[in-house]
Structures are given as C-alpha cells and as structure tokens.
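**Q** Below you will find the structure I want to go over with you.
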Amino acid sequence: MRSRHFTRRNLIQSALGAGAVAALTPFLPVLEAEAQLAPARKRLVLIFWSGGTTVSQAWPTGTETDFKFPPIMASLEPFKSKLVVFKNMRRKNDYSQGAHQAGTAGTWTSARMLAKEGPNPWTSGPSLDRLIASKVPQPTVFPTLDLDCQSEDGENLRSKTLFDLQGRPIQGEQDPSRAFDRIFTDGVVSGGTDPALAERLRAERRSILDVVRTDLTSLQSRMSGQDRIKMDQHLQALRATEQRLSPGSTSGGTITLTKDQFPKIDFLANDNFPQIAKLHMDLLVGSLVADRSRIISLQFSQGNGDIMYRWVGVQDEHHALTHKVADDPRLDRIHEWYYQQFAYLLGKMNAIPEGNGTLLDNCVVCIANEMIDSYKHISDPWPIIMAGNGGGYFKTGRFLAYPDPAAGAPNTSSPNHSQFLVSIANYMGAQVDRVGDETMGPSGPLPGLV
C-alpha cells in the first residue's frame with residue numbers, strides 16, 4: 001500500500017466496501033478534518049451584554065502587565081493571564097437612529113445605521129461573524145451559530161447585534177431546547193421532525209463506526225513503519241468522530257451535554273434569565289468541543305433592555321434604573337453578576353485540555369457592551385475585553401490603557417473599535433483592511449495587539 005494513496009476514504013472503502021462508505025458519508029468530512037490538530041482551528045466567540053457599565057469600575061488599575069481588577073470584576077482574576085482588557089478604545093457611532101440602536105447594532109458591525117425596522121437593510125454592512133464566514137469558508141455544520149438571551153424588541157435596531165451581508169438583521173436562537181436539537185441532532189429541530197429519528201440515526205452511525213474501528217485495527221496489525229503511524233492517526237480521528245455522537249463530550253469527560261439537560265422551559269420569562277444564560281453558555285462550549293461551529297455569538301438582552309435582575313436583589317427594570325442616577329449600587333450588582341457569568345464561561349473553556357493548552361487558549365472570546373455610560377448614553381470609549389490568545393496569535397495578560405482625549409490627548413492618538421474588528425477578522429483568516437463603514441474609523445488592524 002503506497003502512503004500517498006493512503007486516505008481515510010479509500011482505506012474505509014477497501015476495508016468495508018462502498019456500502020459502509022455511503023453510510024459513513026456524514027462523517028467523512030469530519031474524519032478528514034481530524035488530521036489537523038484542534039489548536040490549528042481558528043475559533044471566535046462574540047459575547048454581547050447590554051446596559052452600559054459602572055463607569056468608576058469599568059477598567060482595572062495599574063500597568064500593562066501588573067494590573068488589578070475593580071471589585072465588580074473580581075471574578076475574572078483567575079483568568080488574568082488569558083485576558084486583554086482595553087481602556088479608552090475609541091468608538092464612533094452613527095446616532096441617526098438613536099443611541100441604543102447605534103450602540104447595539106454597531107457593536108460587531110462598525111456600520112452606519114440605515115433603518116430601525118422593516119424589510120430593507122438596517123445597517124451599511126454585515127456583522128463581523130458574517131463577514132468572516134463570507135471570506136473564509138467554514139468546514140463546520142454551522143458556519144456561524146447565533147444564541148440569544150431575551151432580546152425583547154425583535155423589530156428594532158436596539159435588539160440586534162448580528163447582520164447579514166446586505167445589512168439585514170439576524171435573530172439568534174432564544175430557546176436552548178430548540179438550539180440543542182438543531183445543533184446536535186443533524187439539524188433536526190423540535191416540532192419539525194420526530195426527535196426519535198435523530199437518535200436512531202446516531203445509533204446506526206455508532207454501529208457502523210464500531211465495525212470500521214474493528215476492521216481498521218485489524219489492518220493496523222498487518223502494517224509497519226509509516227503506514228502503521230498513519231493508521232494510528234486514522235483511529236484517533238475515528239475516536240474523535242465517535243465523541244461527536246455524544247454532543248459536547250470530550251475524551252476527558254470534562255463536558256457532556258444530553259437532551260435531558262435542555263428541557264422545554266419558558267425562555268422569555270424574566271426570572272428564567274439566569275437559567276437560560278447558563279444553558280446557552282453550556283451549548284456554546286459544547287458546540288466548540290464538538291466542532292459544530294467555529295464562529296459563535298451569544299447576546300445577553302439588548303440595548304434599552306428591561307430585564308429585572310431580581311436574583312441579585314434588583315426589583316427595577318434595568319433600563320429605567322440606568323436613568324435614575326449615574327452611579328447606583330443596584331447597577332453594580334447587575335454588572336458584577338455579568339462578570340461572574342463571563343467567568344463561568346471562561347472557566348468551562350479553560351477546564352478542557354486541548355493540545356498544549358486549553359480550549360480557551362485556542363480560541364478568541366470578545367466580550368463587549370454597547371455603552372460605557374448608559375446614564376449619559378455614551379458609547380465612546382468602548383468597553384471591550386478579549387479572552388484567549390487564539391493558539392498564540394495574540395499576547396494576553398495585558399491591560400492596554402490608551403491615551404485619553406478627555407485628559408488632553410489627541411482624539412486620533414487612540415486605536416479605534418473598527419481597527420479591533422479588523423484584527424479579529426485577520427486572526428480568523430479574513431484578510432480585510434476594514435470592517436464597517438469608512439466614516440466610523442480608520443482602516444487597518446489595531447496597533448500593538450499581535
């Protein structure tokens with residue numbers, strides 16, 4: 001057998017016949033992809049949370065490499081070495097459709113606002129995720145995956161962070177149960193197809209994979225040298241494929257998702273918000289582990305959101321509370337809760353070994369709010385945190401405090417929001433010089449980030 005012809009596809013066909021190859025067709029792309037180590041995958045997670053920040057605690061204090069988090073951000077301390085926290089990153093917005101609208105819709109687009117609602121384009125360009133997917137074909141089942149926690153006003157710019165290539169809004173999946181079915185049962189959605197069908201398909205494929213593994217192991221015993229090494233790689237790929245049949249599972253058993261964990265609940269009920277948030281974060285991590293998507297977004301509420309965070313002792317609607325006073329301890333409790341959610345997500349990702357590091361190390365997670373100060377409706381500077389170094393692409397463990405125009409620095413001296421988006425696009429393999437509208441900021445990547 002000549003090594004140059006030794007592929008998973010022709011080996012399986014020679015060992016098992018064309019029938020087995022037909023039955024395994026859904027897995028052959030996965031088997032081929034497994035030849036590449038997981039750390040080589042480019043993966044991006046976009047996290048949006050709404051309502052502004054506590055301005056007095058929006059950033060750490062200290063130097064680039066020796067900094068201290070404020071009290072509301074204390075939960076991020078365990079991940080300090082894996083973060084880049086930005087201060088005074090400039091952000092220009094088109095407020096023609098309203099501050100909440102521009103702040104929210106501009107987060108991942110850096111675009112001009114065209115319309116608040118209706119069938120026509122709402123922004124002058126796509127969000128970062130869609131732009132990347134259009135430039136870099138994704139080998140996953142879902143080129144992009146969109147999850148949403150209770151964005152309340154689906155017909156307004158203030159509820160949208162994602163837009164297609166024409167600038168039309170995209171609604172993320174709000175129901176975790178439905179999202180689980182769609183992600184992990186070959187695209188079968190609850191209510192559309194009998195869920196038992198998906199489980200039967202998975203069971204049949206498990207049986208076929210058992211046969212393949214037995215025959216490949218038998219072949220390996222008759223090989224030597226490089227062919228044996230290549231066969232071992234095939235078997236490793238096969239084991240990885242088997243793991244994909246158990247949604248979100250890993251070889252170390254770090255995370256395992258089952259349908260029982262995602263029952264039908266009222267995903268729009270105010271007091272279910274924490275549960276929905278956790279389920280979506282679990283789905284996000286499971287989807288990365290199972291390689292269902294490499295570009296995933298998660299949106300928490302919306303600009304102008306009216307969630308009541310009763311689980312942290314806040315009885316007022318969030319948006320109304322932001323207009324009462326500039327600094328309110330109730331808002332501190334809301335913001336602290338959000339940082340704790342981010343810490344939960346980062347902790348889940350950091351607990352999963354991958355290559356020489358962890359899943360978190362081999363991803364990039366961007367966490368952004370639409371406003372720095374919702375009391376004044378100000379989106380400039382932009383509150384943004386980046387986690388993970390993308391397999392060594394970025395240097396983390398840094399607090400990047402740029403010059404502050406309010407303190408006399410030229411407004412052009414600080415890097416811009418749109419440049420940050422270019423840097424992330426470039427990391428993902430999309431070699432673009434601009435993300436968003438040219439009126440929103442300078443072109444090129446963010447200086448000093450790589």
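**Q** Mind checking which residues of segment 310-341 are assigned to a loop (DSSP other than H, G, I, E, B) and of a type outside the set (D, E, K, R)?
**A** Of everything in segment 310-341, those that are assigned to a loop (DSSP other than H, G, I, E, B) and of a type outside the set (D, E, K, R) turn out to be Gly313, Val314, Gln315, His323, Val325, Ala326.
**Q** Consider segment 52-83. How many of its residues are part of a strand (DSSP E or B) and not β-branched (Val, Ile, Thr)? Before you say what the answer is, go through the steps one by one.
**A** At the first step, the residues of segment 52-83 found to be part of a strand (DSSP E or B) are 61-62, 67-68, 83.
Those left that are additionally not β-branched (Val, Ile, Thr): 62, 67-68, 83.
So the answer is 4.
**Q** For segment 300-316, what are the residues that are in contact (Cβ under 8 Å) with a residue 24 or more places away in the chain and open to solvent by less than 10 Å² (accessible area, probe 1.4 Å)?
**A** To start, the set of residues in segment 300-316 that are in contact (Cβ under 8 Å) with a residue 24 or more places away in the chain comprises 300-312.
Matches in segment 300-316: Phe300, Ser301, Gln302, Gly303, Gly305, Ile307, Tyr309.
**Q** Within segment 288-309, work out how many residues are within 24 Å of Ser50 (Cα to Cα), in a loop (DSSP other than H, G, I, E, B) and among the polar types (S, T, N, Q).
**A** So the count comes out to 3.
**Q** Answer yes or no as to whether Leu165 is farther than 30 Å from Asp306 by Cα, of a type in the set (A, V, I, L, M, F, W, C) and open to solvent by 20 Å² or more (accessible area, probe 1.4 Å).
**A** Values: farther than 30 Å from Asp306 by Cα: no; of a type in the set (A, V, I, L, M, F, W, C): yes; open to solvent by 20 Å² or more (accessible area, probe 1.4 Å): yes.
So Leu165 fails the test.
**Q** State all residues of segment 39-68 that are closer than 24 Å to His377 by Cα and of a type in the set (A, V, I, L, M, F, W, C); if no residue qualifies, say none.
**A** The answer is Leu46, Ile47, Phe48, Trp49, Val55, Ala58, Trp59.
**Q** Hey, does segment 404-412 have a residue that's at pLDDT 95 or above, assigned by TED's automatic domain parsing to the domain that holds Phe300, over 19 Å from the mean Cα position of the chain (by Cα) and not hydrophobic (A, V, I, L, M, F, W, C)?
**A** Taking segment 404-412 first, the residues at pLDDT 95 or above are none.
For segment 404-412, residues at pLDDT 95 or above, assigned by TED's automatic domain parsing to the domain that holds Phe300, over 19 Å from the mean Cα position of the chain (by Cα) and not hydrophobic (A, V, I, L, M, F, W, C): absent.
**Q** If you go through segment 379-405, how many residues are surrounded by fewer than 18 Cβ atoms within 10 Å (Cβ to Cβ) and closer than 20 Å to Tyr338 by Cα?
**A** Within segment 379-405, residues that are surrounded by fewer than 18 Cβ atoms within 10 Å (Cβ to Cβ) and closer than 20 Å to Tyr338 by Cα number 0.
The values are calculated or read from the model by the stated rules, or taken from the named source; none is laboratory data. The structure displayed is predicted, hence computed values, not measured ones. So basically every Cβ, Gly included, is an ideal-geometry build from the backbone, and we count neighbours across all protein chains shown. Accessible surface is based on the protein model in full, side chains and every heavy atom, while ligands, DNA and RNA are left aside. Shrake-Rupley method; radii C 1.70, N 1.55, O 1.52, S 1.80 Å.
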